[in-house]
Structure formats: C-alpha cells, structure tokens
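Take a look at the structure set out below.
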Amino acid sequence: MKINNPQEFIGKEVCDANGNTIGTVDKWWNSWNMEYPGYFFGIRPTENTKDTWFRGTNKIIPIYSDYIKEFGECVTLNKTTEQLSKFWNKIVPCGTTTCPTDQLVDMPIFDKEHSRVGTFYGWIESDGTYKHYGCFVDPYLCETWKVPFNTVMPIPIDCITDVHDTITLDKTLQELKGYWQKHHKF
C-alpha cells in the first residue's frame, strides 16, 4: 500500500489479517525505494503476541509497507501473525553459520574492514524467499554520502560473512556505496 504519512502511524495499534491485535507502531524508516515510496515500520509486540509467536523477544517486529492492507484508527496488515512469525523465526545462512532472523534485528553491521555501516532493521521477502536485508544506515554515512537520513538501504542476502555480536559483510564501505548508487540511485 502506498503511504504518504508514515510519521502518523507512530503509536497506532496494529492488527493482523485476522483482526488480532499484535502491537503498536514504535518506529518508521524510509525505504531505499524512493519512487514507490516504501517504508519500514517497527512494531512493538503485545506481551501475548511476543510470547506466543515471536519467542518472547523484546525486539521490534519489522514490517514493510507492502504488508499494510489499510489504516485509519488502527493499522491492519494483509498477513496473519502466523505468517509474520514464519519469517521472524526462519533460520538463514550467515556466512559459515546460520541464525534466526530475529537474532539479526537491532544488530550492528560492519563492513569487511571493520567500519560501521549501520543497524539491521528489516528485510524484503517475496514468495517465501528473502530478497534483501535492510540496513539502517549510520547517520555519519548518510551525511557523508548524501543518503537521506532515517533510511533503510538494501544488503544482498549473500554478503553476510559472519555473525557474533555484530554482523560482518563481505563488502567495503566503498563497495556498498557503489552498489547503492548503481541500484538505488541515492
């Protein structure tokens, strides 16, 4: 769904496709798709939702604006909580290891030369497959590279080489900048 006012979603109750309350919108970020425009939203889950569907996490549940069916007094998604939890709990390859996607949320991202890139805050999926992970770009890089602030930029799913307390990529900052300029025209 095309959204023009993401800031107005903050604090709104979020319901899944079955009408079940799953939480409230806590944060929003611009997406790299400036033509659409798309947004990422961070939903703070209710106690029942996080304990039943999201392994008791205290992290936000990231969703993309395409998951929103309609909005007004509350935000209604086009996916059920069960569908959302499948991606949240999905084990994905991360270099030489695997980890659940929820482990990556809120984790700092570094390039292969140990420079900070940003923070992991989402993903884009289609037909049950991840297409890109989302990196909330460090404000210093936004200023230096003239990337819009409060923006999540794509990271190819195959460029994560290591995950411990941080995520390490197989690209340098300059390689990421070149990739983003070529494919996403910032």
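The values are calculated or read from the model by the stated rules, or taken from the named source; none is laboratory data. The model shown is predicted, which means the values in this text are computed figures rather than measured ones. A quick note on method: Cβ atoms are made from the backbone with ideal geometry, for glycine too, and the neighbour counts reach across all protein chains shown.
Within the option set PHE71, PHE87, being of a type outside the set (Ser, Thr, Tyr), in contact with a helix residue (DSSP H, G or I) (Cβ under 9 Å, 6 or more places away or on another chain) and more than 24 Å from ASP51 (Cα to Cα) holds for one residue only, PHE71.
When restricted to residues that are farther than 22 Å from HIS184 by Cα and in contact (Cβ under 8 Å) with a residue 60 or more places away in the chain, segment 37-48 contains 1. Contact map, segment 49-77: residues that are within 25 Å of CYS135 (Cα to Cα) paired with residues that are part of a helix (DSSP H, G or I) and among the β-branched types (Val, Ile, Thr), Cβ distance under 6 Å, separation 6+ or inter-chain. Pairs shown: TRP53/THR81.
Is it fair to say ILE109 is in contact (Cβ under 8 Å) with a residue 60 or more places away in the chain, under 25 Å from ASP26 (Cβ atoms), β-branched (Val, Ile, Thr) and out of contact with any helix residue (DSSP H, G or I) (no Cβ under 8 Å at 6 or more places or on another chain)? Yes, satisfied.
Filtered by the rule that a residue be crowded, with 18+ Cβ neighbours inside 10 Å and within 17 Å of CYS94 (Cβ to Cβ), segment 160-175 gives ILE160, VAL163, ILE167, THR168, LEU169, LYS171. If you take the residues of segment 142-157 that are exposed (fewer than 14 other Cβ atoms within 10 Å of the Cβ) and in contact (Cβ under 8 Å) with a residue 40 or more places away in the chain, which of them is farthest from TYR64 (Cα to Cα)? Among them, the one singled out is LYS146. The condition of being outside the structural domain of GLU70 (by TED's automatic domain parsing) and either at pLDDT 90 or above or touching a helix residue (DSSP H, G or I) at 6+ places or on another chain (Cβ under 9 Å) (or both) does not hold for MET34.
Within segment 100-114, the set of residues being surrounded by 14 or more Cβ atoms within 10 Å (Cβ to Cβ) and over 16 Å from the mean Cα position of the chain (by Cα) comprises PHE110, ASP111, LYS112.
Filtering segment 149-185 to residues that are assigned to a loop (DSSP other than H, G, I, E, B), closer than 18 Å to GLY122 by Cβ and not polar (S, T, N, Q) leaves PHE149, ILE157, ASP158, CYS159.
One residue stands out among those in segment 121-148 that are of a type outside the set (Gly, Ala, Ser) and part of a loop (DSSP other than H, G, I, E, B): the one that is farthest from the chain's Cα centre (by Cα), which is LYS146.
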